[in-house]
Structures are given as C-alpha cells and as structure tokens.
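Notes for the one structure printed next.
The values are calculated or read from the model by the stated rules, or taken from the named source; none is laboratory data. Model, not experiment: these values are computed from the prediction. Glycine gets a Cβ as well: all are built from the backbone with ideal geometry, and neighbour counts include every protein chain shown.
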Amino acid sequence: MGDHFNYFIKPEDRRSNKVKKKTPRKWNIMLTLGNLTFLLLVIFLVYKPAMENLENKELMADQYLFKVSHEITESNFFVDVYILNKGDMRNFSSQRLKVVLVGVDNKEYESLSNIEIEEVLDQNQGKHFIYSYSLSEISKNAYIRIYFDNKVIYESETIKLKD
C-alpha cells in the first residue's frame, strides 16, 4: 500500500532510486595514509637494518656455515667466528681456518690468540672461536679477512679502529 502514495508527491520530494556518490571522508584518507606510513616505518626501521645485518655475516664453505662478528675495546679488537657443521659428521681442524686483520697498507696482522683444535663435529654441531688483535700496531682502519683451506672466503667492510 505504501508506494502508490508517492504519485501525489512533487517530483523534487520523491526518493530517488539512483545510488548517490558518497563523498570521501577525511578519516578514510587519514587511515590509509597512516597505514602507509606504518608500513614504510616497518620497512626502513626493522626490515632493512635486519637484512643489512645478515648480509655478508653468514657464509658457507665446504658444508660449514660461518657466522662472523667483531667487537672493539680500547686496546684490543676481537673477531668472533662461529662454525656450524651443516653436512655429515667430519673432523674439523682449526688449522684449516685463518682469520687475519688487514690494515689499509694491505699488511696482514696475525691473531694474538693461537687456537689449535682438531675435533669431530657432528651434523648441526658448532664451534666458537674468538680471535684477538692488539690495536697498538694496527693503523686507523682495517678489515677482516678469513681464509679457509687457503682460500679467501670472507672480507668485511672497512672498520674504523681509532679516531
């Protein structure tokens, strides 16, 4: 019974069946911009530094995974090398691994700590080595070079040692 009464309403007072365009609301725009800003913050503050931290810090050689980090104190420089056996059970000798600090003049500085270990490493078993260097004989800048079976497997970026 309800629709036939619309015939007596003036055309400007009748309800239209056409869909009206909704005006964009400022809250929708602000939420979209907020979400984009949050996404960019996550990318630049979390993802990018994490990927840079992983980059060139882990390397594989002969079924061994090497993780390298370093620390600088007032008088010493330490290089931490963690070796993880990803292959079959095998004998690992520290003589296969040589970690040196290379100065700007391409002079290689040997470690103060002399590590000599020959040990059987099971699969997914690791070994941690810490090499120390005296900063008194090294120039201002240097980088880490790692030899495995007399082949260079890792060279870090230049590290500023002294001011």
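Listed values, structure above:
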quantity: Members of segment 88-104 found to be exposed (fewer than 13 other Cβ atoms within 10 Å of the Cβ) and of a type in the set (Ser, Thr, Tyr), listed by number; calculated: Ser93
quantity: The lone exception for Ile146 - which of (1) of a type outside the set (Lys, Arg); (2) modelled with pLDDT of 85 or more; (3) farther than 18 Å from Ala61 by Cβ it fails; calculated: (3)
quantity: Subset of segment 87-105 (residues that are under 15 Å from Glu137 (Cβ atoms) and either of a type in the set (D, E, K, R) or at pLDDT 85 or above (or both)); calculated: Val100, Leu101, Val102, Gly103, Asp105
quantity: Residue count, segment 105-148 (criterion: exposed (fewer than 13 other Cβ atoms within 10 Å of the Cβ) and β-branched (Val, Ile, Thr)); calculated: 2
